[in-house]
Amino acid sequence: MSKYVSSLFMLIALATSALTAAPAQEAPAERLQILEDYEHALIRDQTPEDKRNHLIVAKYNHLFPFNEAKLAAMPDDELRSAFKASYLATFFAMDERVTSQVAAYLDALKKRGIVSEKDFVKMHDIFIATRMFDNANEIKAKHPDLNLEQAPAIMGRPSTRKPSKLALAPQADSLIYQPVDLKGKVLVVIAHPLCHFSVNAIKAISEQPALSAIFKGSIWLAPPGPRLNIPEISKWNEDHPGAALAFMDQREDWPMFDSWATPTFYFLNNGRIVAKIEGWPPINGMDSLNDAAARWRAAR
């Protein structure tokens, strides 16, 4: 049996398990372990990121169906496990629905007096990742001893969703919302200064004229995560003004993307992906990058 077929059977089995397992038959801690094992299995199997995200959120929804009306009656161990499960799921869902569930579980833990400092740190992480900065700063203000990151203000953000970026303002205490025009040929790079593969990529691009020509005018985005790392972003931008990093606002603003690993290179023509290159050096070698650039330039 080929590795591909074996992996496919594994995915089918995992997905079937997610829909057929009866969560009521398992103790809360056991259900949490099932969710964590499921996540690890999908990562080991190298399931595509977008598909993996959907599968893990679906598994979470099944194992820990949310019902706000039942929170007050939930046993302590179930409430604790549900909080941990929702925290895990949020980083795959990256949406307000699951984030609101984590917040509801945290509030229930607070009311019972069984909340820990780590719980507030986790909630702050989630609010940063989902760009709910006011909520993150509220936690920081109430818990100054936790040394949490201060989130900047976002200037000019509209209520509608569209491809955009959050550019660091000169004073570094605010972000400026900027829509991204995808008309014509656009090269978007998902990167981060704390990713050494991203650092290696920008070094090579800066030093090699042929690569610099490909990436001239490209858009560099740091994906959502539990930390903003503004000092590191600022230093990157000082060192590489031609490849200044901005923050991605919401993943849903870029529905054409299926991966946010760093670095990933998306070659777009009028908002449609012509080619996608992952890793540095590129997973399939430098020739694959040059081929992608050639197809991108020739796209009509």
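The values are calculated or read from the model by the stated rules, or taken from the named source; none is laboratory data. Everything numeric in this text was worked out from a predicted model, so none of it was measured. Ideal geometry is used to build each Cβ from the backbone, glycine not excepted, and the neighbour counts take in all protein chains shown. With ligands, DNA and RNA removed, areas are computed over all heavy atoms of the protein, side chains included. Shrake-Rupley method; radii C 1.70, N 1.55, O 1.52, S 1.80 Å.
Which one, Tyr38, Ile128, Met155, projects farthest toward the positive side of the charge dipole computed for the chain from Cβ point charges (K/R +1, D/E -1)? Ranked along the dipole, the leading option is Met155.
Which of the three applies to the chain, rounded, prolate or oblate, going by the alpha-carbon gyration tensor with a ≥ b ≥ c and a/c under 1.5 meaning rounded? Taking the square roots of the gyration eigenvalues as a ≥ b ≥ c, the chain is oblate.
For the pairs Lys140/Lys162; Lys84/Lys111; Lys84/Lys165; Lys84/Lys162; Lys118/Lys235; Lys140/Lys235, flag any whose C-alpha to C-alpha distance is greater than 21 Å. From the list (Lys140/Lys162; Lys84/Lys111; Lys84/Lys165; Lys84/Lys162; Lys118/Lys235; Lys140/Lys235), the Cα-Cα distance tops 21 Å for Lys140/Lys162; Lys84/Lys165; Lys84/Lys162; Lys118/Lys235; Lys140/Lys235. Counting only residues at least eight positions apart within a chain, or on another chain, the aspartates and glutamates with an alpha carbon under 12 Å from that of Lys70 are Glu78. Helices in the chain, meaning DSSP H runs of at least 4 residues, each add -39500 (n - 2.57). Divided by all residues, the mean residue ellipticity at 222 nm is -16000 deg cm²/dmol.
One decimal place: the segment Leu146-Ser100 gains 14.4 nm when fully extended, by the rule 0.36 nm per residue minus the C-alpha distance. When the surface is traced with a 1.4 Å probe over the full set of protein chains, Ile283 keeps roughly 130 Å² accessible. Among the helices of the chain, none built from whole DSSP H runs has Cα atoms reaching 27 Å or more along its own axis together with a mean Kyte-Doolittle hydropathy of at least -1.0. Inter-label distance, Ser159 to Glu138: 1.9 nm, where each label sits 7 Å from its Cα along the C-beta direction. Cross-link reach is defined here as a Cα-Cα straight distance under 14 Å, omitting same-chain residues fewer than 8 places apart; for Lys216 the aspartates and glutamates meeting it are Glu207.
Taking N as the residue count of the range 176-222, its C-alpha radius of gyration divided by 2.2 N^0.38 Å amounts to 1.25.
Counting Lys and Arg as +1 and Asp and Glu as -1 over every other residue whose Cβ lies under 13 Å from the Cβ of Ser164, the net charge comes to +2. Here the peptides 271-277, 112-118, 170-176 are ranked by packing, the mean other Cβ count within 10 Å, and the order with the highest first is 271-277, 170-176, 112-118.
Using the Cβ-Cβ distance between Asp181 and Ala29 with R0 = 45 Å, the FRET efficiency computed as 1/(1 + (r/R0)^6) comes to roughly 0.35. A Cβ-based charge dipole, computed about the Cα centre of the chain with Lys and Arg at +1 and Asp and Glu at -1, lands at about 840 debye. In a reduced charge model with +1 at each Lys and Arg Cβ and -1 at each Asp and Glu Cβ, the range 64-209 shows a dipole moment near 420 debye about its Cα centre.
With all protein chains in place and ligands, DNA and RNA left out, the 1.4 Å accessible area ranks Asp249, Asp145 as Asp145, Asp249, largest first.
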